[in-house]
Amino acid sequence: MSTTEAPTFTPPTRARLDDSVPFEWLRPARLILMWTYLAGYLWWLKYKGLTVDRFSVAFAVGIFLVCAFVGKSWRTWGVLLLDCLAYCVMWLSYEKTRGAADDGVSIFGLFRIKFPLQVTAMRNIDKFLFFGHDPNVVLQQHFWNTRVVRWYDAVAGTTYMTHFVFPMVVMAVLWAISHRQWARYMKRFATLLGVACLMFILLPTVPPWMAGSTQYHYRIIPPLHRNAGRGFYHLGMDSFRGGYQRALSNGNGIAAMPSLHASFALFTPAFFLPWIKPKWVKALVLLFPVIMLTSLVYLAEHWVIDGLVGWALTGGSFWFWHRWEDRTRVRRADRARAALPPTAEVPDAVELAPA
Amino acid sequence: MSLDPPKILLDRSFLAAVTDDTNAAHEQCVAQYRSLVDEFEREEVLLVAVSTHLRDLERGTDLEFAHRAAYFLHRNHRGVFAPVEPLYVGFQHRRAAKGVDIADPADALTLVMCERHHVTRIATVSDAFDGYRIERVVPAAE
């Protein structure tokens, strides 16, 4: 930037923008509503428990958005409505497809395609990765105590439960603060869900707890304890139990591959990684998906390979959309350049009198 | 902390100077716009403009309601201002603009949009914003 040739401009008084533009009275109202919502949410969490079913979470997000969008323009509300519609379609398709994986896919009601259930394949891959050991069995044998809930049970249980809330909270906050970032987040998220649903149909997989359970005929590993929320309930989140059991009963038991718990746990940290500068914070943040996968294996919810494939899907979704956005940006820049008349030289930008 | 790159608002006078080759500041503005487009391509800045000002330049001022509505709902990223995102003007912005003490209503609207969308830099050839604390990016003098 040129410093010698730059014209200088120093007006005697420069008015602040927010002093010159009439005050937006609904801005503080928005903030108050959002803080009230946060307080209400925490109260609910403490006394009523954590909501996990899609409808309740969507409802909670909806209330937050109403608080965050008070006083915004009609167009912004219209865009929000379309976004909400897209959000609902995404979750409904996910639930519908995920459920369909159980019974196969119906082709126009004429016949049904059901893909073979994977019982031993994932277990064999895990055994190969861990030199002949079953990580689920080893972890439960060493650390699970039926009578005592230890600190690591609380960590594992809480980490497991964040899956039902964390990505949705991030979505809602992004919605409120930057629609551009929300769109970036959702494109990646929807892609991940779409591919995962396809895999649930093509590759129905028996999870470790089912593979070892005496209630099923597979019994390829010793019986494992399945009580993912145990550590979380121990922290006093008792009222959550009913909702979680209900959510479990609605879910698809053989949708183990890929692990969306592992995918989501990597998803949010990966999204925010570019804004995190200190390397040690980056490393700390990336520890979360590792804790999640360890918890999933310890709690017998997933095989290790489910989690690794979940991470790979997250990486793939980020890679795809990153490339797509780069290309879109370059294309738009090229269009602009093509429409501009040629110039001899590009001068430096001269910034006058910084605020 | 903002998650988005800093926004630079292309003011009405700047947009006009880029498109009008008879404008005295045309060449400087084109050169300046090129460098801004390069920054946009590197994702260092976001280029924005007030939707009505952009629409007037891209589609003309005497648009029918249906065309105005179509533009309001969706704008294609084509032509010279393909990298530019419109900041859509609502009733509340027009209402607020009436309360701004500046001669030209269009400039008042620009100021309102800058304030509402946290824009701190503006590309302009007009001196209407000199009295405000907004960082001004102007074409270098020849």
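Of the residues examined, A:V155 is one that is of a type in the set (V, I, T) and in a helix (DSSP H, G or I). Please find, within the stretch A:30-76, the residue that is farthest from A:C88 (Cα to Cα) out of those that are away from every other protein chain (no Cβ under 14 Å) and among the charged types (D, E, K, R). So the residue we want is A:K46. Filtered by the rule that a residue be more than 7 Å from chain A (Cβ to nearest Cβ), free of Cβ contacts under 8 Å to residues at least 40 places away in the same chain and out of contact with any helix residue (DSSP H, G or I) (no Cβ under 6 Å at 6 or more places or on another chain), the stretch B:83-94 gives B:E85, B:F91, B:R94. Evaluation of A:V195 against the conditions (1) touching a residue at least 60 places away in the same chain (Cβ under 8 Å); (2) under 27 Å from A:L50 (Cβ atoms) shows that the sole unmet condition is (2). The conditions are (1) of a type in the set (V, I, T); (2) part of a loop (DSSP other than H, G, I, E, B); (3) within 12 Å of another protein chain (Cβ to nearest Cβ), and B:T22 fails exactly one of them. Which is it? Failed condition: (3). Listed by position, the helices (runs of 4 or more DSSP H) inside the stretch A:1-114 whose residues that are at pLDDT 85 or above number at least 3 are A:26-47, A:54-69, A:74-103. Residue check: A:L287 meets all listed conditions (1) modelled with pLDDT under 95; (2) exposed (fewer than 13 other Cβ atoms within 10 Å of the Cβ) but one, namely (1). Screening B:A97, B:A103, B:A128 for residues that are surrounded by 21 or more Cβ atoms within 10 Å (Cβ to Cβ) and more than 7 Å from chain A (Cβ to nearest Cβ) leaves exactly one candidate, B:A97.
Does at least one position in the stretch B:61-76 carry a residue that is of a type in the set (A, V, I, L, M, F, W, C), at the interface with chain A (Cβ under 9 Å from one of its Cβ atoms) and at negative phi? Checking the stretch B:61-76: at least one residue is of a type in the set (A, V, I, L, M, F, W, C), at the interface with chain A (Cβ under 9 Å from one of its Cβ atoms) and at negative phi. Does the stretch B:106-127 contain any residue that is more than 13 Å from the chain's Cα centre (by Cα), more than 18 Å from A:G71 (Cα to Cα) and in contact (Cβ under 8 Å) with a residue 12 or more places away in the chain? No: zero hits. The numbered conditions (1) surrounded by fewer than 17 Cβ atoms within 10 Å (Cβ to Cβ); (2) at pLDDT 90 or above; (3) within 14 Å of chain B (Cβ to nearest Cβ) are all true for A:H179 except (2).
Here A:V195 passes the criteria (1) crowded, with 20+ Cβ neighbours inside 10 Å; (2) modelled with pLDDT of 90 or more except the one numbered (1). Scanning the stretch A:252-283 for residues that are free of Cβ contacts under 8 Å to residues at least 12 places away in the same chain, touching a helix residue (DSSP H, G or I) at 6+ places or on another chain (Cβ under 8 Å) and more than 14 Å from chain B (Cβ to nearest Cβ) yields one hit, A:K282.
So that you can scan it fast, the table gives a plain yes or no per residue for (1) surrounded by 13 or more Cβ atoms within 10 Å (Cβ to Cβ); (2) of a type in the set (V, I, T); (3) without any contact (Cβ under 8 Å) to a residue 24 or more places away in the chain:
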site: B:P5; (1), (2), (3): yes, no, no
site: B:I8; (1), (2), (3): yes, yes, no
site: B:A16; (1), (2), (3): yes, no, no
site: B:D21; (1), (2), (3): no, no, yes
site: B:C29; (1), (2), (3): yes, no, no
site: B:Y33; (1), (2), (3): yes, no, no
site: B:S51; (1), (2), (3): yes, no, no
site: B:R55; (1), (2), (3): yes, no, no
site: B:G60; (1), (2), (3): no, no, yes
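Taking every residue in the stretch A:21-41 that is among the hydrophobic types (A, V, I, L, M, F, W, C) and pairing it with any residue that is assigned to a helix (DSSP H, G or I), at least 6 positions away or on another chain, the pairs with Cβ-Cβ distances below 7 Å are A:V21/B:A96; A:V21/B:L111; A:V21/B:V112; A:V21/B:E115; A:L33/A:C67; A:M34/A:C67; A:M34/A:A68. Of all the listed residues (B:V37, B:V119, B:V80), the sole one being within 10 Å of chain A (Cβ to nearest Cβ), crowded, with 21+ Cβ neighbours inside 10 Å and not in a loop (DSSP other than H, G, I, E, B) is B:V37.
Looking only at the stretch A:200-216, which residues are outside any helix (DSSP H, G or I) and out of contact with any strand residue (DSSP E or B) (no Cβ under 8 Å at 6 or more places or on another chain)? Walk me through how you get there before you give the answer.
Residues of the stretch A:200-216 that are outside any helix (DSSP H, G or I), as a first pass: A:203-207, A:213-216.
Listed by number, the residues that qualify are A:P207, A:S213, A:T214, A:Q215, A:Y216.
Look through the stretch A:205-258, keep the residues that are under 21 Å from the mean Cα position of the chain (by Cα) and not hydrophobic (A, V, I, L, M, F, W, C), and return whichever of them is modelled with the highest pLDDT. The qualifying residue modelled with the highest pLDDT is A:P258.
The values are calculated or read from the model by the stated rules, or taken from the named source; none is laboratory data. Please read these numbers as outputs of a predicted model, since none were measured by experiment. Virtual Cβ from ideal backbone geometry, glycine too; neighbours counted across all protein chains shown.
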